[in-house]
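**Q** This is the structure I want to talk about, given as C-alpha cells.
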Amino acid sequence: MLQKIVRVFHLGTKKPGAGLAVHCDAIESNRQEFFHDIIECLIAALEAKDSYTCGHSSRVADISLDLAIALDLKGADLENVHIAAHLHDIGKMGVSENILNKPGKLLFHEWAQIQAHPAIGYNVLRKSRLLHKIATIVLYHHERWDGTGYPEGVQGNQIPLGSRIIAVADAVDAMTTYRPYREPLSWRDCLQELQINKEKQFDPLVVEAALELWQKWAGSRHYQETPCVMEETIKSCS
Ligand SMILES: [Fe+2]
Ligand SMILES: [Fe+2]
C-alpha cells in the first residue's frame, strides 16, 4: 500500500524533490519499527503469564538476528527470520497453562499438546498473506537436522534456514536460563551441548556461526538478566 502511495507521488511530480524521498523513507522505517514493536508487545503479553519464559522470545530474536547476519542473510530474508524468532512460540497461546508450567514429567497427551504449538502458530500466522513466509519458519522451528523433530520429521536442508537458525537460538536461550525443573547451564556447558548435538539436532553451519558469536553472547548483560513485564510492574508498584 505504502509503495503504491509513493509511486503515485512520483508519477504526479516529474522530479520528486529530495525532501519527499527522505520523508517517504522516514515513513517506511517508522512503519517497520511500529510493526516490530507491535509484535514485541504481543509476545510480552503472552510471556507475562509465565515468569520462567519471560524475555525468551526477545532474546531468541536477538540471537537469531546475529546468526542470520553471520550467515549472510539480507533484506526481507533477514527481517523474516528476526520477526519469526519473536513469534516462534506464539502457538503456545493454544496450549493449557497447566501443561506449560508443569514442573514434573508430562503425560503422553500433554506432550502431544506441547508438540502442537508450531502448527497452532503456523495456522494463526498464515491468516495473513504477508506473514506466510514467517508462518512457515515458525512451523518448522522444532524440526531437527537428523529428521527426528516435529511436527513433520523433515531433515537437513529440507528445513527452512530460518527455522534451523531459530532452533539453535531457542536451545541456547533455553539452556542458559532458569527452568522450574533445572538450574541454568553455564555458557561453557551450553557450548559443549551445542557441539555434541551438531549434525544431530542442529545444522552444523549454524553451530559454526554460533561459535564465532559465543564471546559476544556470553559477555552480554542482556542475556544475563532480562526482567519480564510482570517483574518490572511489581517492582514499580511496590
Ligand atoms: Fe517452540
Ligand atoms: Fe522457544
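Every number here is computed from the coordinates shown, using simple stated rules; none is lab data. What you see is a predicted model, and the numbers here were worked out from it, not measured in a lab. Note: ideal-geometry Cβ built from the backbone for every residue, glycine included; neighbour counts use all protein chains shown.
**Q** Which net charge results when you count Lys and Arg as +1 and Asp and Glu as -1 among the other residues whose beta-carbon is under 12 Å from that of W111?
**A** Taking every Cβ under 12 Å from that of W111, the sum is +1.
**Q** For the range 52-237, what class follows from the C-alpha gyration tensor (a ≥ b ≥ c being the square roots of its eigenvalues): rounded when a/c is under 1.5, otherwise prolate if a/b is larger than b/c, else oblate?
**A** rounded
**Q** Now for a separate question. Counting other Cβ atoms within 10 Å of each Cβ, which GluC sites (Glu not before Pro) in the range 97-190 have at most 15 and sit in a DSSP loop?
**A** E152
**Q** How big is the charge dipole of the range 91-217 about its Cα centre, in debye rounded to the nearest 20, if each Lys and Arg gets +1 on its Cβ and each Asp and Glu gets -1 on its Cβ?
**A** With only Lys, Arg, Asp and Glu charged at Cβ, the dipole is about 400 debye.
**Q** Working out 0.36 nm times the residue gap between L213 and E183, then minus their Cα-Cα distance, what length gain in nm do you get to one decimal?
**A** Result for the pair: 8.5 nm of gain on full extension.
**Q** Now for a separate question. Put +1 on the Cβ of each Lys and Arg and -1 on the Cβ of each Asp and Glu in the range 103-164; which of G162, P103, S128 then has its Cα farthest toward the positive end of the dipole?
**A** The residue sitting most towards the positive pole is S128.
**Q** What does the charge count around Y181 come to, taking other residues whose C-beta lies under 13 Å from its C-beta (Lys +1, Arg +1, Asp -1, Glu -1)?
**A** Taking every Cβ under 13 Å from that of Y181, the sum is +3.
**Q** At 0.36 nm per residue, minus the direct Cα-Cα distance, what do A45 and D77 gain on full extension? Give it in nm, one decimal, please.
**A** 8.9 nm
**Q** At a Förster distance of 22 Å, what's the computed FRET efficiency of S128 paired with F34, Cβ-Cβ distance as r, to 0.05?
**A** 0.90
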